[in-house]
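Worksheet for the structure shown next.
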Amino acid sequence: TNKKFACLMEFIKGENMARQILSDELIAEVGREAGKMDLALKHFKNEGKTRPDYEFDIKSALVLEKHLPLLPKKIEQKIFKEIFKEFKTIYPEFVKTSTGLIHNDIVPHNWLIKDGKLNGIIDFSDMEFGPYIQNIAVALHLAAFAYNWNPDQAKLFIEKYSEINPLSRQELKLLYILIKVRMLSFVVEFNRWNMEYAVDQQ
């Protein structure tokens, strides 16, 4: 009766897509695959093993507020405080949205591309139980609003994801703030890391 899970590991050929221009076709393909992944993982139950206060879990982003004073003086903190304020207002609604086991890092440097097509999504080290809309916010942060600045592709990703795992109007209403929270997490947490340990190139 002891449940055991097996992991099949295999080498996957492909080019890492970090900091590269992403085509509409690729964004659509990843959106579909993200929807399939979330759908496939729905049967796993939360047994309370999620890392508490994990900085790159959007649900835990408020733990970063105490690190704002570490930001360099040249950085205006007002925008960060406003994002925290917005997040606090939507937090109760956010944590009540549909939740399951999510990859939590479906970003371009974790996509492997071969012959212009998606050949694999790797790196499940940030996996956790969280809202599905968090998985989308994390993906779109880098895929549409950072290195590959193409906001129109966000709509395409969402459409293709929703064909497999539909998102509610309520979830979509929260998405913009969640993307901003993810961006804030990157700036504040990597700055803290730099201040307390060593320089991280991210």
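The values are calculated or read from the model by the stated rules, or taken from the named source; none is laboratory data. None of these values were measured; they are calculated from a predicted model. No Cβ is skipped: glycine too gets one built from the backbone with ideal geometry, and neighbour counts run over all protein chains shown. Quick note on the areas: whole protein, heavy atoms, side chains included, nothing else; ligands and nucleic acids left out. Shrake-Rupley method; radii C 1.70, N 1.55, O 1.52, S 1.80 Å.
Within the bounds of segment 121-128, is there any residue that is in contact (Cβ under 8 Å) with a residue 60 or more places away in the chain and farther than 26 Å from V187 by Cα? Spell out how you get there, then give the answer.
Filtering segment 121-128 down to residues in contact (Cβ under 8 Å) with a residue 60 or more places away in the chain leaves 121-122, 126, 128.
Then keep just the ones that are farther than 26 Å from V187 by Cα; that gives none.
Checked against the condition, which is being in contact (Cβ under 8 Å) with a residue 60 or more places away in the chain and farther than 26 Å from V187 by Cα, segment 121-128 yields no hits at all.
Taking the criterion of being acidic (D, E) and over 28 Å from L118 (Cα atoms), the residues of segment 37-80 that qualify are E47, D53, E55, E65, E76.
Taking the numbered list (1) under 26 Å from R32 (Cα atoms); (2) among the β-branched types (V, I, T); (3) open to solvent by 10 Å² or more (accessible area, probe 1.4 Å) in turn, V181 passes all entries but (3).
Yes or no, residue by residue, for (1) open to solvent by 10 Å² or more (accessible area, probe 1.4 Å); (2) at pLDDT 95 or above:
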site	(1), (2)
D123	yes, no
I136	no, yes
E163	yes, yes
S168	yes, yes
I177	yes, yes
V188	no, no
W193	yes, no
D200	yes, no
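Cβ separations smaller than 9 Å between residues 6+ apart or across chains give the following pairs from segment 142-156 residues that are farther than 17 Å from M17 by Cβ to residues that are open to solvent by 40 Å² or more (accessible area, probe 1.4 Å) and assigned to a loop (DSSP other than H, G, I, E, B): P151/F145. Can you tell me which of (1) touching a residue at least 40 places away in the same chain (Cβ under 8 Å); (2) closer than 20 Å to D57 by Cα is the one Y161 doesn't meet? Among (1) touching a residue at least 40 places away in the same chain (Cβ under 8 Å); (2) closer than 20 Å to D57 by Cα, the lone unmet condition for Y161 is (2).
Conditions tested, residue by residue: (1) in contact with a Lys or Arg (Cβ under 7 Å, 6 or more places away or on another chain); (2) among the aliphatic types (A, V, I, L, M).
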{"site": "E86", "(1), (2)": "no, no"}
{"site": "H109", "(1), (2)": "no, no"}
{"site": "M127", "(1), (2)": "no, yes"}
{"site": "H141", "(1), (2)": "yes, no"}
{"site": "K160", "(1), (2)": "yes, no"}
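The residue that is most open to solvent (accessible area, probe 1.4 Å), among those in segment 10-22 that are in contact with a helix residue (DSSP H, G or I) (Cβ under 9 Å, 6 or more places away or on another chain) and not hydrophobic (A, V, I, L, M, F, W, C), is R19. Just one of the listed residues (E29, E65, E55, E76) is closer than 23 Å to A154 by Cβ and either open to solvent by 40 Å² or more (accessible area, probe 1.4 Å) or in contact with a Leu (Cβ under 8 Å, 6 or more places away or on another chain) (or both), namely E29.
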